[in-house]
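The values are calculated or read from the model by the stated rules, or taken from the named source; none is laboratory data. Quick caveat: nothing in here was measured; it's all calculated off a predicted structure. Don't worry about glycine lacking a Cβ; one is built from the backbone with ideal geometry, like all the others, and counts go over all protein chains shown. Heads up: the accessible areas ignore ligands, DNA and RNA and are worked out on the full protein's heavy atoms, side chains in. Shrake-Rupley method; radii C 1.70, N 1.55, O 1.52, S 1.80 Å.
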Amino acid sequence: MLRTPILIVNCKAYPQGIGIHAVEIASACDKVRQELGVEIAIAVQAPDIYRIVEKFPKLPVLAQHVDPYPMGSYTGWLVAEAVKAAGAIGTLLNHSEHRLPLDTLDAAIQRCRKAGLLTVVCADTPDTARDIAKLSPDMIAIEPPELIGTGIPVSKAKPEVVKNGVTAVQQINSNIPVLCGAGITRGDDVSAALQLGARGVLVASGVVKAKDVLAAVRDLAVPLKEI
Ligand code: G3P
């Protein structure tokens with residue numbers, strides 16, 4: 001299980017977030033996780049899962065996507081059991097950059113549950129978050145696509161999206177923690193998100209493209225300790 005509050009670092013497919021660079025980012029996450037005693041997870045490209053799990057066995061590692069198929073004749077599809085066997089504890093699903101129709105998303109969540117993988121499902125709006133809550137994922141992350149990668153934090157630029165997202169999900173299932181993401185680069189942005197009721201944040205460019213990755217992770221993680 002993942003504890004909250006949580007920082008999830010998504011390496012996406014950035015050149016600075018692949019292969020050996022993913023290992024370096026994982027190292028920073030693992031160091032700060034231990035130093036501050038807070039929950040930090042990393043979402044990496046599937047080929048990077050195993051080597052990161054081998055090096056940092058206590059760092060929760062997520063895939064960035066899982067396909068909704070069972071094991072068998074499914075060449076090239078990423079099945080939940082393979083992700084689990086590589087050592088990941090869960091996966092992102094329905095990221096803005098990898099959207100799924102609701103029925104496909106439902107199937108993927110169910111496949112992950114059967115394989116013992118946690119699901120962190122992204123939603124672009126509070127209404128989508130409400131629909132997704134009905135599928136009972138383990139966490140929902142609200143991310144307005146227009147702010148992704150801009151450095152303009154959702155928690156300050158669109159606080160109503162975070163607040164309404166939290167309310168929408170709670171109305172359906174108050175056990176599902178809601179995270180937020182898009183444009184979050186500083187500890188201040190994380191504090192603002194937590195004050196709006198988010199139970200954590202999903203961050204990519206603020207860490208992956210940072211000059212000093214360790215300092216960036218530390219800055220983002222400190223507010224998790226304060227609540
Ligand atoms: O998955 C996190 C992401 O979409 C947010 O990206 O670069 O705005 O932190 P970024």
Counted residues in segment 1-35 being loosely packed, with under 14 Cβ neighbours inside 10 Å and within 15 Å of the ligand (Cβ to nearest atom) come to 2
The one condition in (1) farther than 24 Å from Glu97 by Cα; (2) free of Cβ contacts under 8 Å to residues at least 40 places away in the same chain that Ala28 fails to fulfil: (2)
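Looking only at residues that are hydrophobic (A, V, I, L, M, F, W, C) and touching a residue at least 60 places away in the same chain (Cβ under 8 Å) in segment 83-113, which one is surrounded by the fewest Cβ atoms within 10 Å (Cβ to Cβ)? Break it down into steps so the answer makes sense when it comes.
Looking only at segment 83-113, we keep the residues that are hydrophobic (A, V, I, L, M, F, W, C), and these are 83, 85-86, 88-89, 92-93, 100, 102, 105, 107-109, 112.
From what's left, touching a residue at least 60 places away in the same chain (Cβ under 8 Å): 89, 92.
Details: Ile89: 18, Leu92: 23.
Across segment 83-113, the extreme among qualifying residues is Ile89.
On the basis of being assigned to a loop (DSSP other than H, G, I, E, B), modelled with pLDDT of 95 or more and under 23 Å from Lys134 (Cα atoms), does Tyr69 make the cut?
Working: assigned to a loop (DSSP other than H, G, I, E, B): yes; modelled with pLDDT of 95 or more: yes; under 23 Å from Lys134 (Cα atoms): yes.
Here the answer is yes, as Tyr69 does meet what is asked.
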Any residue that is of a type in the set (Lys, Arg), modelled with pLDDT of 95 or more and assigned to a loop (DSSP other than H, G, I, E, B) - is there at least one of those in segment 82-104? yes
Can you pull out every residue in segment 39-49 that is open to solvent by less than 10 Å² (accessible area, probe 1.4 Å) and under 15 Å from the mean Cα position of the chain (by Cα)? Ile40, Ala41, Ile42, Ala43, Val44, Ile49
Members of segment 148-162 that are surrounded by fewer than 19 Cβ atoms within 10 Å (Cβ to Cβ) and not small (Gly, Ala, Ser): Thr150, Ile152, Lys156, Pro159, Glu160
Is it the case that segment 47-62 has a residue that's out of contact with any helix residue (DSSP H, G or I) (no Cβ under 7 Å at 6 or more places or on another chain), touching a residue at least 12 places away in the same chain (Cβ under 8 Å), within 30 Å of Thr125 (Cβ to Cβ) and of a type outside the set (A, V, I, L, M, F, W, C)? yes
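If I ask for residues that are open to solvent by less than 10 Å² (accessible area, probe 1.4 Å) and of a type outside the set (A, V, I, L, M, F, W, C), which ones from segment 184-222 would you list? Don't jump to the end; show me each part of the working.
To start, the set of residues in segment 184-222 that are open to solvent by less than 10 Å² (accessible area, probe 1.4 Å) comprises 184, 187, 189-190, 193, 198, 200-203, 207-208, 217, 220-221.
Passing the criteria: Gly187, Asp189, Gly200.
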